Every structure is written in structure tokens, then in C-alpha cells.
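Okay, structure first, notes after.
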């Protein structure tokens, strides 16, 4: 177990003080709400000496050099917390479960979850709503691998890796700390090698955080964790998430 805790509704500071007075309670944190990641669009696209090379992003990140050394993610399990995934996409294997690109995962919330209503979990992280496409996009960046003769030959950074998708966002609204923490715990328990989350804010560590004990324990087991510092890219190079 990575974390012992529960989320409850406290009406006011008196309830919080009452909880803190209990000998069984070590710490009380607010259950914060985070907006879903939204695409950031440019007002105008200008092409100067453009190229039709659809794989240029791999060159920009240096991933093509890693691929040239035969390192393509084979044998690596990548877990990611997001809006779920449309595993029916041919570049993501077209199936779900053992033997497929998307080998596992979990849906913690269901389509109708918006951040404060009751989640409806199930074992399949499939997302079919348009608003749930962010997770499929992330899965493609991580490990897309177009079948021969299908699509544009686009490759993810680790095209031979296995994906484990943990759906923490419904088709609208956001997510709260308790759901995200369950996602991290489940991913670690499933034995992934790396956990990625493209939901992040630059203030997450301020004033202490319930993530510190759980993520520290996960990292101590050799599991890498990567969390986005927002989606806008306007906070500079040195910012915590």
C-alpha cells in the first residue's frame, strides 16, 4: 500500500479541527480540483521554409537518435493518467488487454464525471466522446505505431512500449486529488516502469501536498514519474509541478 487515507466532506474549519484532534489522523489536506487539459491553439500559423516531414517532432526531441540505437521501448510498461484512450485506433493496436498495445488500465470515473459528482468506475479505460480525445493524443505521442499501409507512418517516442491507461477525467469538467492519487496507486500496483500525467499546475506543491508521500514511495521502487507543469508553456524552464 502506498497511502492510507479517505476523502470526506467537511462543512467548515471546525470539522477540520475535529478531524485533526483524532489520534488516528496524521494530516488533513484539501481535496483540490483541477481543470482538464485543453489544447492551446495559435492565432495564426505561418510556414517559413516548411517541410512535409511528419516525423520532425522525433528529430526535434532527439528521439530519432535513440531509435537508431534500437531503443524503442520494447519491454517497457508506460502508465498514463488522462481522459482515457480510444484503443480502437489502428496506431494504438486496435484492441485492449494482454497482447495489445494498450495492455491494461482502469476507468476511475466514467463518461459523466465532472469533478464533484459520484464517479462510475469500470475496468475499461475506453473513451469515445470527442472531449475525451486528449488521452488518445497523449497515447499517440508515447507509443503510436502505425500498421504498414495505414495512416501516415507516424511513430510515438516509444513505439514498442506497452501502454496502461488510467482514466481520471470524464467527458467534461475536471478532476480532484483523491481520484488522481488512486490513479498513481493503481499504476504502481500494476507494475508499470513509468507514470506520465499531462494534468498539472505550477502550484501543486505549495503549502505541502498529499502527493509527496505517495509519489516518493512509488519513486523509491524505481518507477519514473513525469507530470506536466500546465499546458501553456509560459512559465519558463525552471518550474515545479
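Computed from the coordinates by the stated procedures, all read-outs in this text should not be read as laboratory data. This structure is a prediction, so every number in the text was calculated from the model and none was measured. Because the Cβ atoms are built from the backbone with ideal geometry, glycine has one as well, and the counts that use them run over all protein chains shown.
Worth a mention:
- Ordered by the number of other Cβ atoms lying within 10 Å of each residue's own Cβ, fewest first, 83, 18 fall into the sequence 18, 83.
- FRET efficiency for residue 76 and residue 3, using Cβ-Cβ distance with R0 set to 30 Å, rounded to 0.05: 0.75
- Modelled spin-label separation between residue 13 and residue 152, with each label point placed 7 Å from Cα along the Cα-to-Cβ direction: 5.5 nm.
- The listed peptides 217-227, 23-33, 89-99, 179-189, ordered by packing as a protection proxy, come out as 179-189, 89-99, 217-227, 23-33 (highest mean of other Cβ atoms within 10 Å first).
- When you count the other C-beta atoms within 10 angstrom of each residue and take the mean per peptide, 128-138, 161-171 line up highest first as 161-171, 128-138.
- Per-residue extension of 0.36 nm, minus the Cα-Cα distance of residue 116 and residue 56, leaves a gain of 17.6 nm for this segment.
- Length-normalised contact order of region 65-211 in % [C-alpha pairs under 8 Å, at least 6 apart]: 35 percent
- Label point distance in nm, residue 129-residue 100, each placed 7 Å from Cα along Cα→Cβ: 2.1 nm
- Rounded Å value of the spacing that divides the Cα centres of region 94-125 and region 149-180: 11 Å
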